[in-house]
Amino acid sequence: MAELKEIQKYVTELFAKQDFAKQPLVLYEPFQYTMSLGGKRLRPLLVMLAADMFSLDYRQTDNAAVAIELAHNFTLLHDDIMDESPLRRGKPTVYQKFGTDKAILSGDVMYAKAYDYLLKCDTDKIPQLVKTLTSVLIQVCEGQAYDMNFEQRNDVTQREYITMISLKTSVLLAAALKMGAILAGAKAEDMNALSEFGLYLGIAFQLQDDILDCWSDLNEFGKVIGSDIVDNKKTILFLTAVEKADNGDDRELITWYLEKTNDFQKKKQRVIELFEKYDVRSDVEKMIGSYTIKALDALDRVNVEQNQKDNLITLAKELINRKK
């Protein structure tokens, strides 16, 4: 078993030495820019932690780790275009810096390169790895479709929202863990329990992201604060507030999300005031705690020694308590 910090350091170094700057520049410069922005590198880390948990040298998972990070960044690149997001990790988004056409094309080659890396893995593991990545990318697209649809609806439920973030966010974490387990030759029941851990952890992770979008520091968070409100995203905060609000506050919230306005600062300020009036942050933090417990219960079912789970337990706590 390796130490968590050792594997985190290795992941950082692995991506630092990747060279995605090739010809033609019109295609690969946005690609290189995307990957140079850094980020948590959470998904490749999960690949390695899962492999390490099942006693495979984490350094033997490089190709799968790079593959899932490329796939993840491909989804972010296109997501930023659809959401018209100005910042990603504190820097201009790819379409803002290079233009929409170049960003789309760069995302497409990123998607293809993900499979290129997977095909470098052990031959006997490739079919299962490809099946896993293909399935999860379909699910991410389904999640994005739900997310877009929710912007046009006023009857979105909390259950629907959890389903959407499970598809859009959680499944990639679950897939990363499963890919590491596949490479390590884990048993199916252990792989399923580990995937369930990733799914519940991903839900808690996204709910925490919803909180950070309203209550965090731009320099730490790396994205524009209140962007979900500006984009009329029906996050768990909004859905909880509408459910709890009375005295016409529910109608005011819905009106803010229906009307077109250029006074985004006023909109953000008032919506957050209503969130705070009904203490929705506390409600969502309780949900995060509940999904974290479910995640740890699933991890407990994985048939390895308890000390082999310590890295994932530590990481889960870090993710839930993060400020960015």
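The values are calculated or read from the model by the stated rules, or taken from the named source; none is laboratory data. Remember, it's a predicted structure, so these values are computed and weren't measured experimentally. Reconstructed Cβ throughout: ideal geometry from the backbone, glycine too, with neighbour counts over all protein chains shown.
How do the helices (runs of 4 or more DSSP H) wholly within the stretch 15-114 filter down when requiring 3 or more residues that are aliphatic (A, V, I, L, M): which remain?
Values: elements: 25-36, 42-53, 62-83, 94-98.
Once the helices (runs of 4 or more DSSP H) in the stretch 15-114 are filtered for at least 3 residues that are aliphatic (A, V, I, L, M), what remains is 25-36, 42-53, 62-83.
Among the candidates 255, 163, 261, single out the residue that is free of Cβ contacts under 8 Å to residues at least 12 places away in the same chain, surrounded by fewer than 21 Cβ atoms within 10 Å (Cβ to Cβ) and in a helix (DSSP H, G or I). Break it down into steps so the answer makes sense when it comes.
Details: 163 fails: free of Cβ contacts under 8 Å to residues at least 12 places away in the same chain; 261 fails: in a helix (DSSP H, G or I).
The conditions single out 255.
Of the conditions (1) in contact with a helix residue (DSSP H, G or I) (Cβ under 9 Å, 6 or more places away or on another chain); (2) surrounded by 15 or more Cβ atoms within 10 Å (Cβ to Cβ); (3) of a type outside the set (Gly, Ala, Ser); (4) within 30 Å of residue 59 (Cα to Cα), residue 146 fails just one. Which one is it?
(4)
Report, by residue number, each residue of the stretch 234-252 that is surrounded by 18 or more Cβ atoms within 10 Å (Cβ to Cβ) and assigned to a helix (DSSP H, G or I). Let's see the steps before the verdict.
Filtering the stretch 234-252 for residues surrounded by 18 or more Cβ atoms within 10 Å (Cβ to Cβ) gives 234-242, 245.
Scanning the stretch 234-252 gives 236, 237, 238, 239, 240, 241, 242.
Would you mind finding the one in 6, 29 that is acidic (Asp, Glu) and closer than 21 Å to residue 318 by Cβ? Talk me through it step by step, then tell me what you get.
Values: 29 fails: closer than 21 Å to residue 318 by Cβ.
When all the criteria are applied, what remains is 6.
Sort out which residues of the stretch 281-320 are more than 22 Å from residue 170 (Cα to Cα), in a helix (DSSP H, G or I) and of a type in the set (A, V, I, L, M), and write them in order of number.
Result: no residue meets the conditions.
Hey, does the stretch 226-233 have a residue that's closer than 20 Å to residue 318 by Cα and buried (at least 19 other Cβ atoms within 10 Å of the Cβ)?
From the stretch 226-233, those closer than 20 Å to residue 318 by Cα are none; that's our starting set.
Within the stretch 226-233, none of the residues are closer than 20 Å to residue 318 by Cα and buried (at least 19 other Cβ atoms within 10 Å of the Cβ).
Do any residues in the stretch 77-94 that are free of Cβ contacts under 8 Å to residues at least 24 places away in the same chain and under 18 Å from residue 324 (Cβ atoms) have Cβ atoms under 9 Å from those of residues that are assigned to a loop (DSSP other than H, G, I, E, B) and small (Gly, Ala, Ser), where the two are at least six apart or on different chains, and which pairs are they?
93/85
Report whether or not residue 228 is without any contact (Cβ under 8 Å) to a residue 24 or more places away in the chain and not polar (S, T, N, Q). Don't jump to the end; show me each part of the working.
Details: without any contact (Cβ under 8 Å) to a residue 24 or more places away in the chain: yes; not polar (S, T, N, Q): yes.
The answer is yes for residue 228.
So if I check each of 101, 52, which one is among the acidic types (Asp, Glu), surrounded by 23 or more Cβ atoms within 10 Å (Cβ to Cβ) and either in contact (Cβ under 8 Å) with a residue 60 or more places away in the chain or farther than 27 Å from residue 126 by Cβ (or both)?
Numbers: 101 fails: surrounded by 23 or more Cβ atoms within 10 Å (Cβ to Cβ).
Among 101, 52, only 52 is among the acidic types (Asp, Glu), surrounded by 23 or more Cβ atoms within 10 Å (Cβ to Cβ) and either in contact (Cβ under 8 Å) with a residue 60 or more places away in the chain or farther than 27 Å from residue 126 by Cβ (or both).
Determine the pairs where a residue that is in contact (Cβ under 8 Å) with a residue 60 or more places away in the chain, located within the stretch 124-147, has a partner that is among the aromatic types (Phe, Trp, Tyr) and buried (at least 20 other Cβ atoms within 10 Å of the Cβ) with Cβ atoms under 9 Å apart, the partner being 6 or more residues away or on another chain.
137/74
Quick test of your reading of the structure: residue 276 fulfils all but one of (1) assigned to a helix (DSSP H, G or I); (2) modelled with pLDDT of 95 or more; (3) within 26 Å of residue 202 (Cβ to Cβ). Name the failing condition by number.
Failing condition for residue 276: (3).
Of the numbered conditions (1) of a type in the set (A, V, I, L, M); (2) in a helix (DSSP H, G or I); (3) surrounded by 21 or more Cβ atoms within 10 Å (Cβ to Cβ); (4) out of contact with any Pro (no Cβ under 8 Å at 6 or more places or on another chain), residue 186 satisfies every one except a single condition; which is it?
Every listed condition holds for residue 186 apart from (2).
In this structure, is residue 179 in contact (Cβ under 8 Å) with a residue 24 or more places away in the chain, assigned to a helix (DSSP H, G or I) and within 19 Å of the chain's Cα centre (by Cα)? Step through it out loud before you land on a result.
Numbers: in contact (Cβ under 8 Å) with a residue 24 or more places away in the chain: yes; assigned to a helix (DSSP H, G or I): yes; within 19 Å of the chain's Cα centre (by Cα): yes.
Yes; evaluated as a whole, the condition is true for this residue.
Pairs only if they're at least six apart or on different chains, beta carbon under 7 angstrom, first in the stretch 10-26 and over 22 Å from residue 43 (Cβ atoms) and touching a residue at least 12 places away in the same chain (Cβ under 8 Å), second basic (Lys, Arg) and surrounded by 12 or more Cβ atoms within 10 Å (Cβ to Cβ); list them, first residue then second.
Here the result reads 26/102, each pair linking the stretch 10-26 to a residue that is basic (Lys, Arg) and surrounded by 12 or more Cβ atoms within 10 Å (Cβ to Cβ).
Out of the residues in the stretch 137-156 that are assigned to a helix (DSSP H, G or I) and farther than 13 Å from residue 75 by Cα, state the one that is modelled with the highest pLDDT. Show your work before the answer.
At the first step, the residues of the stretch 137-156 found to be assigned to a helix (DSSP H, G or I) are 137-150.
Next, only the ones that are farther than 13 Å from residue 75 by Cα stay: 146-150.
On the way: 146: 95, 147: 92, 148: 91, 149: 92, 150: 91.
In this case the residue turns out to be 146.
Within the stretch 148-165, is there a residue that is in contact with a Phe, Trp or Tyr (Cβ under 7 Å, 6 or more places away or on another chain) and either more than 25 Å from residue 50 (Cα to Cα) or not β-branched (Val, Ile, Thr) (or both)?
Yes; the residues of the stretch 148-165 include at least one that is in contact with a Phe, Trp or Tyr (Cβ under 7 Å, 6 or more places away or on another chain) and either more than 25 Å from residue 50 (Cα to Cα) or not β-branched (Val, Ile, Thr) (or both).
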